[in-house]
Every structure is written in structure tokens, then in C-alpha cells.
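In what follows, a structure is listed as C-alpha cells, so that the remarks can point back to it.
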Amino acid sequence: MSTPTNDAATNATRTNDTSDRPDGWWKSAVVYQIYPRSFSDSNGDGIGDIPGIVSRLDYLAALGVDVVWLSPVYTSPQDDNGYDISDYQNIDPTFGSLADIDALIAGLHQRGMKLVMDLVVNHTSDEHPWFVESRDPASPKRDWYWWRPARDGVEPGTPGAEPTNWGAAFSGSAWQYDEVSGEYFLHLFSPKQPDLNWENPEVREAVYAMMRWWVDRGVDGFRMDVINLISKPTELTDGEAPPGRPYASAFVVANGHRLDEFLAEMNERVGLDAQNLLTVGEMPGSSIATARAVTDPANHELNMVFTFEHVSLDQTPDGSKWDLAELPLPVLKANLAEWQDGLAEAGWNSLYWNNHDQPRAVSRFGDDSPEFRVASAKTLGTVLHLHRGTPYVYQGEEIGMTNSYFTDIAQYSDLESVNYHAEALSLGMEAEAVLQSLSVKSRDNARTPMQWDDRSHAGFSEGVPWLPANPNYVVVNAHTAVADPSSVFHHYRALIELRHGNPTVVDGRFSLLAPDHDRLWAFTRTSADETLLVLANFSAQLLDLPTDGLPDTTGAMLLLGTHGDAGPGDTLAPWESRVLRLA
Ligand code: NOJ
């Protein structure tokens, strides 16, 4: 890990001021995720950067969000757009410098906002000095990664010699053969992302030291990438490959037996709770029980986790994300309600519809046709922000940005998408079906440039963007949205304001109503002082409210609605939602 020396700010003595992070502050906060590559380009190279973000801080302040979560900006070969880090304590020149990140921290703090960094410590880049050293079998760092010999009796480097039959998340085997040492290393993601061995205490201490360095620099928390993969079984055994697929999922290693121990140790050694830092762990494949244990404050691990269940409901039960399936509304409602109930007594939920790995919310769960894009984007916001938990807004969600719907593989950049396309074709799948899956689920849907205004490239860059802007930027852009009081932007602003001013929105008890209704999403939030009723029409048709199963709304007050001050009536317009305070 390098210690940067040429930056005055680095050497200054800093203390991380905790006075504006009172206990539990993150419960009433709304987090805004920035994917730096696609947010705002200040120097015309077609790639977003930190000065670009700094130039947009007043926009974020106007929206009213409390926290920015910044996807990785560290030094990286960019194999996975920065989720492959070769120096945790420096900034990739593509994005700027340490001085720029200091300016970002200062700019956010001046405006009353906080910064949460992405922490990617399940794996490093294969270009990280730790891994470079580890390639030598005699090196003291050999054990920092998962090196294993070939399968017994099979010639190393030949097909089938991999230590287990696991597939990587980005296609192919999860093992890469290293000719020099004749052994394999584990990579649950790309071969350029070797997994760190958290069993080794030196690895853990190096990570904690790096985290403390960022805390001292002034950051307010961490979003932890695939953090439930850091503890793995020490015995690595074959899994069962799904029919027609060559590999078993490597995620059998998720939630290993030392996960709680490692997280509690990290919390203690970095002072996460002691300094009231925000911590959110990305945990694919975790159950409610696991999430409850990790987020129960008594266990001092994390504040909240990202579940993947609700974003896995529109795929076939035994398939992968690419095997598309219809998602009936009752199934989606039930899943969110289960998590609400599961973490009601202990733990805390994070709430999200989309991020840099998921398709755009309005295209996936709403209706992105010109007629209903605005109403359905607003209603998705209403429902999510009125659940109990900390809401996350992904850049562009607040203006109702839509999927890019690429039609040609040449348009894609994301390695997951490109690798999946190649693997699926090699297995004999129909090209058209593969492209269809990609257009619905590819991560590039979320990664097209932020749409700022109607200038060329959506005002994102004066150069040619690394991924083309969605042509709908002429209509869908921040400039237009800010100027229009009835826009998605102003609805999100109002939702955030409501949360800030209303403790029931933050902490009220959640109760799902009319669970089987296939178009109505209805629930209450109840505190000692009041009951809020949320009614949302998840369809493009008028919805007559059922007479059974809903509370009496006589005398109720409309706190926030998508269709003006219509007040309590018994019909919802297409994609209308209302938040009512019951009398
Ligand atoms: C999850 C991140 O969100 C994703 O973008 C990344 O590709 C993988 N983890 C690997 O770091």
C-alpha cells in the first residue's frame, strides 16, 4: 500500500469530527449513490471524475440527500470499473487526485452532507502489490490469497484440473492457473480480482489500517462490497452445476462461519460504531436471519445490509439473473414485507430499487413509456421511501432515468454482460434471447451518463462519453426536472423532506395491507402519535380502492401525493400514490 507524499493535505493532522454524527443518525438519512464514471465529466475525456462531482454538489443539496456513497475511485486497472483496486490509498488519475477527494469531503461537509466510500476488500486487483508479491510461492504474502494445487491426479492447467468446479460471477471458472507456481488462485469475480484470504490476520490488520486512514481523512462510513464473501469455508468442495451450465455457483462460499467474527473485529479495530460511521454491507445470498445477526446493534457489526432477494424475483427460480420471469406484484410486496417484519425488532433495513449493478427502477418495476414514466417513477419512490429503513437513491433515479435498451453486443462495455454473451453463445443459446436478457438486465442500463440537460451527450461531457447517453436525455434531464415543480425530482425532494420531518416515516411500525391485490400496494406505518397510510396503484389503469382490508380514511390528511391535492378519494389514477395521515 503506498503512502502518498506529494500532497500537503495528506500530511496534515486530521481528526474525524463525530459531533455531527449523533447515535443512529443514518436511520433518518437518505443516501445518494454516485457511479463516478458516469456522473459528471469535468475535463472532457468522456469519463466522469471527482471535480465533476464537486461541481454538482448544489444539485444534491437541493435534492436534500444526507449522504453520498461514492463507487470506487481508487487506483485501478479498471477491469471492473474500479471494483478491482491496485492501491487503496490513492485515487485513480481517471477520477482525479487525493486533493480532489479532500475537496469533495469538504464540499459535502460544508453543505451538511456526508461521504461514504466504497470498500472493496473481498478481493484486490491482480495488479495490487500484495498480489504481485503473493505470486511467488516463497513470499510471506503467499497466504494472503487463496492459492490451491490442481485437483488430485489431473495435470495442472488442463481442463478439469481446477481445485473445485466453481464458476466466477463474471463467467468461466473461479480459478485461474498460474504457470509460474503451477497452482491456481481463487477469483469469485474476474481473473483480475483475486480473493483475499481473510483467515490470515495480517490481511485483516492491513485492511483495518487502510480503513482508519480513510476515517482520519474525514469520510463518514463505508459501503462494503460483497462483504459476506470474506469468510469462506476452509475446506473448498465442489458444488452442483445447474442443468446445462458448466459450473456451480461460487457463492456457496457466502456467509462463512467467521463472518460475524470478522465484522465485529473490523468494527472494533476501526472504531466504526465508536465513531458512528455509516456501514452498509452488500450481501448477496443472505437470508433475513443472517441480516438480522449482522445488523443487530447488540452485535456491533454493521448498520444495515443490501439484500438481493427483491432484485432476484424476476428470474426463474433455479436460473440466473439472465433467465427472465414475470414478477407478480403480490410476490414483490410480500418480499419487502418479510424483510420489514424480519428486522422489526432487531436490525435495520436498507431500501433500494436499483444501483450500478441493476437495471433502472422505472424500467424494471414501473412503466417507462412516455405516458407513465413520471407517475410510475414517483410512485416507486413513494413506496420505497415509506418503508422502514434507510433509502438509497441511485444517480438519475430522481429524474426517472430509464434503461438504455442496447440492441447490439458491440454497444455493451460491462465485462459481466460481454462475458455472459460469449459464454451463452458458446453453450448454443439463441443470440436474440441473449440480447433480450441483456437489454433487460445488463448493468450498462444503469451506467449510461447522468442526464444533466439537453446539450449534446446530455451535458455529461464535452468529449465523447465512454458509454453513449440515452437519447431520451432531450426530455429526461435534471435541468428540466428541477425547473418543473411536478417532476420526479421534486417528488423525491418532498419524500426526503417528509422523512426528515416525520419520525413515523423513520421508525414507525410497518404493516402490509391487501397483500394479494395484484395492482394495489398498501401499507401503514404506525407510531405512538399517528398512523400513516400509503396507497399506490401499480398499474396503468384506474384502480377502485377495495372496500375490505383498508382502514377508514374519513378525515385523513394527504401528506404527499403524486397527483396533486386530490385528497382521500376511492379511486387511484394510473400509477398514482398517496401518503395519508389517518384521523
Ligand atoms: C459488487 C459490485 O457492486 C459490483 O459492481 C462488482 O462488479 C462486484 N461486487 C465485484 O466487486
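The values are calculated or read from the model by the stated rules, or taken from the named source; none is laboratory data. Note that the structure is predicted; figures quoted are calculated from it, not measured. Reconstructed Cβ throughout: ideal geometry from the backbone, glycine too, with neighbour counts over all protein chains shown. Side chains are part of the model used for accessible areas, which takes the heavy atoms of the whole protein and leaves out ligands, DNA and RNA. Shrake-Rupley method; radii C 1.70, N 1.55, O 1.52, S 1.80 Å.
Miscellaneous remarks
- When the Cα gyration tensor is reduced to axis lengths a ≥ b ≥ c, the ratio a/c is 1.5 or higher for the range 429-524, and with a/b not above b/c it is classed as oblate.
- 1.4 Å probe accessible area per residue over the chain, in Å²: 37 Å²
- Ligands, DNA and RNA left out, the accessible area of the chain computed with a 1.4 Å probe is 51% carbon and sulfur.
- Only Cα pairs under 8 Å and 6+ residues apart enter the sum, and on that basis the relative contact order of the range 420-470 stands at 24 percent.
- Available extension along the chain between Glu235 and Asp318 is 27.3 nm, counting 0.36 nm per residue and deducting the alpha carbon span.
- Sites Thr571 and Ala62, calculated FRET efficiency, Cβ-Cβ separation with R0 41 Å, nearest 0.05: 0.75
- Here's the picture: charge each Lys and Arg Cβ at +1 and each Asp and Glu Cβ at -1 in the range 343-417, and of Phe365, Ser417, Thr390 the one pushed furthest to the positive end of that dipole is Thr390.
- Summarising the amide proton neighbourhood of Leu520: residues at separation of 5 or more, or on other chains, whose placed amide H is nearer than 5 Å comprise Phe538.
- Estimated vicinal HN-Hα couplings, Hz - the range 537-553 in sequence order (Karplus 6.51, -1.76, 1.60; Gly, Pro = x): 8, 8, 7, 8, 10, 4, 10, 7, 5, x, 7, 9, x, 10, x, 5, 9
- Relative contact order, percent, the chain [alpha-carbon distance under 8 Å, six or more residues apart]: 13 percent
- Charge sum, other residues only, whose C-beta stays under 9 Å from Asp80's C-beta, Lys/Arg counted +1 and Asp/Glu -1: -3
- Within a straight-line Cα-Cα reach of under 30 Å, Lys378 can be paired with the following lysines, leaving aside sequence neighbours fewer than 8 residues apart in one chain: Lys27, Lys114, Lys321, Lys333, Lys441.
- The range 259-318: relative contact order in percent, alpha carbon pairs under 8 Å with at least 6 residues between: 34 percent
- Charge sum, other residues only, whose C-beta stays under 14 Å from Arg111's C-beta, Lys/Arg counted +1 and Asp/Glu -1: -2
- Between helix 259-270 and the chain: long-axis angle, C-alpha atoms, 0 to 90°, nearest 10: 90 degrees
- Here the Karplus relation 6.51 cos²θ - 1.76 cosθ + 1.60, evaluated at θ = phi - 60°, turns the backbone of the range 420-433 into coupling constants of 4, 4, 5, 5, 5, 5, 5, 8, x, 6, 5, 4, 5, 5 Hz, with x for every Gly and Pro.
- Taken one residue at a time, the phi angles of the range 140-154 give Karplus couplings (6.51, -1.76, 1.60, θ = phi - 60°) of x, 8, 3, 7, 6, 10, 9, 8, 9, x, 5, 4, 3, x, 10 Hz. Gly and Pro are set to x.
- The long axis of helix 488-501 is offset from the longest Cα principal axis of the chain by roughly 90 degrees.
- Against the main long axis of the alpha-carbon atoms of the chain, helix 329-342 sits at an angle near 70°.
- Of the listed residues Arg148, Arg364, the order by accessible area with a 1.4 Å probe, largest first, is Arg148, Arg364.
- Sum of -39500 (n - 2.57) over DSSP H runs of 4+, divided by residues of the chain (222 nm, nearest 500): -7500 deg cm²/dmol
- Remark on Gly281: its backbone amide H falls under 5 Å from those of Met224, Met304, Val305, Phe306, a criterion applied only to residues 5 or more positions apart or on other chains, H modelled at 1.01 Å from N.
- Here the simple spin-label model places points 7 Å from the Cα toward Cβ, and for Asp45 and Gln436 these points are separated by 4.1 nm.
- Hydrodynamic radius of the chain per Kirkwood, over alpha carbon pairs, in Å: 24.8 Å
- Cα-centre dipole for the chain with unit charges at Cβ (Lys and Arg positive, Asp and Glu negative), debye to 20: 1100 debye
- Working ranking of peptides 218-226, 260-268 by packing, defined as the average number of other Cβ atoms within 10 Å per residue, highest first, is 218-226, 260-268.
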